[in-house]
Amino acid sequence: MTTYKGDGMQMVQMAAIDKADTAWLLVSTVLVLLMTLPGIALFYAGLVRRKNVVNTMVAVFAVAAVVALTWFALGYSLAFSKSSAWLGGLDRAWFSSMRLDAAAGTVSVSHLAPHLPESLYALFQMAFAVITTTLIIGAVVERMRFSALLLFSALWSVLVYAPVAHWVWESDGWLNKLGALDFAGGAVVHVNAGVSALVCAAMLGRRQGYGRQAFEPHSLGWTAMGAALLLIGWFGFNAGSALSADGRAALAMLVTMVAAAAGALSWMLVEWWVRGAPTLLGVLSGLIGGLVAITPAAGFVQVGGAVAIGLIAGVACFWGATWLKRRLGVDDSLDVFGVHGVGGIAGSLLTAVFADRAIAGVDATVLNQLVAVAAVALYSAVGSAILLTLIRVVLPLRVTAQQELDGLDVSLHQESQN
């Protein structure tokens, strides 16, 4: 492979680009984007009350658009360029160093994926930044002011998500050097978003009537379709993180499916035992919990380990969304912390328990995983709290009491779901 470097660029001959791996990552990128649009949009919109359906959907689409641009401007460079153990540099800001020189037959690549066009690698990672940020919406639906949400999302994607991604996935990141394993985002995506969601929900306060009246989901059918799209997209999320169309990608896809199935069944059985009936929402929640927990381990474990992770995750996430939620007393509207936060923590720690050295290539330790989880959770919590505090100086975080009572669809967007 011929490599050219200069002005922060790394160029290779286009013939050195692996066409099969490029094709697979193109498909994977689309699958990850499918998780957000329409996956998260449908999943969340089905769970809120009818008067807040439009607001929930427009929040997901708008935040996705905002983060796509912040990633283009700063996020990618801060996350995936070499500078320090804590944060990347600005040589990739505005994607300014990405080149395709057809005359010379060269294309720019990332040092982390020199067999792929950098434009594709950056887009794949953008899809992760988008879904991580939009996950937080589930904790604040039905009461957060739309303008405040957009501003928070823009700042959070650059100042919280990008540094954490650098710590874990960049070769010179401090958690990467420590030996923490996170194949596709247990800490970077799920712990990060889950903890931030909890902080946001706590600082916003409870919805009117929380704990006194039932908040019935608008459409469990929508939520089921959203969950199905999330499952399909998750194959690109986990198997795509191999960055190659190879055996590791195939194994990651397989363990993703069995962990999801195990999570769905274990939540269902626990709920059946505790509440006397299995529910559709329980099966869907367990499915997502299994997917969340296998994410950090997908490229490191055998099938048996994936089943165990899924079974444990289903129980852990049920506990997080019920008993733990009541104990915390925070109105995390759609249980983002209970499923993504708890599932991400469980999966990150269990990665060390079930990782197979023959697959992972390195030894994993529970201590290293615990340090990574704790560091990400602390940074995410403090960073989110600071951002919300600063935003509160210039914008109210919550809608008015009357707007909340009327519903955010009409009061904020002058639209309604009929």
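Data overview
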| read-out | value |
| --- | --- |
| Contour minus Cα-Cα distance for LEU90 and ALA62 (0.36 nm per residue) | 7.5 nm |
| Acute angle (nearest 10 degrees) that the helix 220-239 long axis makes with the longest principal axis of the chain, alpha-carbon atoms | 20 |
| Region 194-234 shape via C-alpha gyration tensor axes, a/c threshold 1.5 | oblate |
| Among 134-145, 400-411, the order from most to least packed when residues are scored by Cβ within 10 Å on average | 134-145, 400-411 |
| Packing rank of 381-393, 282-294, where each peptide gets the mean count of other beta carbons within 10 Å, highest leading | 282-294, 381-393 |
| Cα-based helix-to-principal-axis angle, 146-156 vs the chain, degrees rounded to 10 | 30 |
| Between 0 and 90°, nearest 10: helix 342-354 axis offset from the chain longest Cα axis | 40 |
| Radius, Kirkwood style, for region 114-179 when every pair of distinct Cα atoms is counted (Å) | 13.6 |
| Global geometry of region 353-409, whether rounded, prolate or oblate, following the gyration tensor of its Cα atoms and the 1.5 cut on a/c | prolate |
| Tensor-based shape of region 10-96 (alpha-carbon gyration tensor, a/c under 1.5 rounded, otherwise prolate or oblate) | oblate |
| Heavy-atom accessible area per residue - the chain, 1.4 Å, Å² | 37 |
| Added length on full extension, which subtracts the Cα-Cα distance from 0.36 nm per residue, ARG50 to PHE146 | 32.8 nm |
| Estimated distance in nm for a label pair at ASP356 and MET203, the labels positioned 7 Å out from Cα along Cα-to-Cβ | 4.4 |
| Potential extension, VAL274-GLN414 segment - 0.36 nm per residue separation minus Cα distance | 46.2 nm |
| Accessible surface of the chain [probe 1.4 Å, protein heavy atoms]: carbon and sulfur percent | 68 |
| Orientation-averaged projected area, Cα convex hull of the chain (nm²) | 19.8 |
| Computed [θ] at 222 nm, deg cm²/dmol, the chain (DSSP H ≥ 4; -39,500 (n - 2.57); rounded to nearest 500) | -19000 deg cm²/dmol |
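The values are calculated or read from the model by the stated rules, or taken from the named source; none is laboratory data. Worth saying up front: this structure is predicted, and the values here are computed from it rather than measured. In this analysis, Cβ positions are derived from the backbone assuming ideal geometry, glycine residues included, and neighbour counts consider all displayed protein chains. Note: accessible area is taken over every heavy atom of the protein model, side chains too, but ligands, DNA and RNA are not part of it. Shrake-Rupley method; radii C 1.70, N 1.55, O 1.52, S 1.80 Å.
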